[in-house]
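Taking it in order: structure first as structure tokens, then the write-up.
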Amino acid sequence: MIQKAPRREPPSDDDANRRSRAELDHLVHRVEDFIRDVVIPAEPAPGQYLELPVRDELRAAAKAARLFAPHVSSKWGGIGLPLSQWPEVFEAAGYSPIGPVVLNCMAPDEGNMHMLEQIATPEQKRQFLEPLARGHASSCFGMTEPHPGAGSDPSQLSTTAERSSSGWVINGEKRFSSGANLAEFMIAMARTGEVGEATMFLVPMDTPGMTITRQINTVDRVIDGGHPHVEFNNVSVPDSAVLGEPHRGMEYAQVRLGPARLTHCMRWLGLARRSQDIALDRAHDRSLFGSRLDEQGLAQELIAQSEIDIEASRSLIQRTATLLEEDNRAGTRLSSVAKVFCSEAIYRVIDRSIQLCGGDGVSDDLPLAQYLNEVRPFRIYDGSTETHKWAIARRASRRRARERQRRHEQPDGQESGSTK
Ligand SMILES: Cc1cc2nc3c(=O)[nH]c(=O)nc-3n(C[C@H](O)[C@H](O)[C@H](O)COP(=O)(O)OP(=O)(O)OC[C@H]3O[C@@H](n4cnc5c(N)ncnc54)[C@H](O)[C@@H]3O)c2cc1C
């Protein structure tokens, strides 16, 4: 079921924190310098995980450099950039696979912070948002379930929450709950009525009845805290655990998903750019058949296609971010297009970079094969390519049907000319 997204309420300090072009350039340069000088030297070897003490040291350095939580309101300890100014900063952070974790703008915390800022009560913000924004806590988001529960189709949500005398009782299972091993709390979606009617709950991970029952090992390494299977057995939560209002969970999911899938595009675009840089350096240094690789036509074809993918992704991301800020509903619609295009384009760029580097590209001597592992799941989570294409095509058909209807109703039968 496709739910309508509510209009986005801009955080109160959006405009106060909006940077001029020169100020934004300065901030982006500072992020680039920080990633190059502090973060890249501390990266784990390909296939390894970032150790928590190293992460915490890097985070302290990011705070000292005033680069921490760029997307969160300054009231909660962030930089407070408006959404349309996130893309360049997130891309610069994503130039290192661990950059977004260090700057505290990595999934799932980043999307959860954004949603809490939009929807939570003042007390919930104090209890859940502030520790996340300051890097004192971490979180996870529980939507996906074992089959036949919710995956691509949210109407299959089978975790339930029922009213009790003291609040709600949650029963069900979640899987692929990214970050759950380290999280202090989960934002859990549970069915609270008819099909398609759900409520979001803020559930501390140590609530009795909530258990991590199995680890699910996936190919990626940089989302902290695994993607485990979590069970809810008669988990009792008070009314104050309801995020926003009961039964509006599907609507709130759109508040989270539009920006959350776009910020993945921003971060992974940084990694695509890093891959292209690695390939460009290699193609410059390597000579074959009497000339440099970057002077040979077939290699230039790979390089040029990647430049086109990077620039097209960047433009689409910026347009979508600007639209999300102005009109959440239209922005969320366009974020489907951006998500499909960028997730596929970023994968292609990294794959081409591997090709240009030959055998080293698929070895541990270069990080490119691991980068491919990092971005591969992005074509599945936050809506698979096929789910989004299905929604995009249906919206296009409906739009054209409305246009035909309007034309039919006009006495002279003229085209309306609208492309929206
Ligand atoms: C690394 C990783 C992290 C994740 N993190 C989280 C998280 O933090 N929280 C969370 O709730 N979930 C998370 N997920 C789960 C993810 O959102 C789901 O895997 C995704 O929604 C797909 O659901 P599914 O796995 O059940 O696949 P299914 O729903 O079974 O879909 C399988 C395939 O069906 C195809 N398909 C889907 N719709 C259509 C259509 N309309 N037409 C044609 N084909 C279609 C697609 O190819 C799709 O890949 C994560 C997954 C991964 C891999």
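Couple of notes before you dig in:
- Globularity index of the chain, i.e. its alpha-carbon radius of gyration over 2.2 N^0.38 Å: 1.02
- When each of the peptides 365-378, 254-267 is scored by the mean number of other C-beta atoms lying within 10 Å of its residues, the order from highest to lowest reads 254-267, 365-378.
- The calculated FRET efficiency for the pair Lys389 and Val195, based on their C-beta separation and a Förster distance of 30 Å, comes to about 0.80.
- Between region 243-320 and region 122-148, the alpha-carbon centres lie 28 Å apart.
- Of the residues Ser165, Met200, Gly151, the one whose Cα sits farthest toward the positive end of the charge dipole of region 139-249, with +1 on the Cβ of Lys and Arg and -1 on the Cβ of Asp and Glu, is Gly151.
- Under the Debye formula (equal points on every Cα, no solvent term), log10 I(q)/I(0) of region 14-133 at q = 0.12, 0.17, 0.21 Å⁻¹: -0.42, -0.83, -1.20
- Cysteines not pairable in the chain (beta carbon separation under 4.7 Å absent): Cys105, Cys140, Cys357
- Sorted by Cβ density within 10 Å, fewest first, the residues Trp168, Trp390, Trp86: Trp390, Trp168, Trp86
- Think of region 14-133 as a dipole: +1 on every Lys or Arg Cβ, -1 on every Asp or Glu Cβ, centred on the Cα centre; then among Ala16, Phe128, Gly80, Ala16 lies furthest on the positive end.
- All-pairs alpha carbon distance profile, region 139-249, 10 Å steps from 0, percent: 16, 50, 29, 4, 0
- Working ranking of peptides 341-354, 205-218 by packing, defined as the average number of other Cβ atoms within 10 Å per residue, highest first, is 341-354, 205-218.
- Per the Debye formula on identical point scatterers at the alpha carbon atoms of region 74-202, with no solvent, log10 I(q)/I(0) at q = 0.17, 0.18, 0.19 Å⁻¹ is -0.98, -1.06, -1.13.
- Pairs beyond 26 Å (Cα-Cα), from Lys174/Lys339; Lys75/Lys174; Lys125/Lys174: Lys75/Lys174
- Principal axis dimensions, region 131-184 - Cα atoms, whole angstrom, descending: 35, 33, 16
- Dipole size of the chain about its Cα centre, with +1 on Lys/Arg Cβ and -1 on Asp/Glu Cβ: approximately 1240 debye, rounded to the nearest 20.
- In region 312-420, the convex hull through the Cα atoms has an average projected area of 8.8 nm², a quarter of its surface area.
- The helix-based estimate of mean residue ellipticity at 222 nm for the chain, built from -39,500 (n - 2.57) per DSSP H run of four or more residues and divided by its residue count, is -14500 deg cm²/dmol to the nearest 500.
- For region 154-224 versus region 68-86, the inter-centroid distance based on Cα atoms is 27 Å.
No lab work stands behind these numbers, since they all come straight from the coordinates. No experiment lies behind these values; they were computed from the predicted model shown. All Cβ positions, glycine included, derive from the backbone under ideal geometry; neighbour counts span all protein chains shown.
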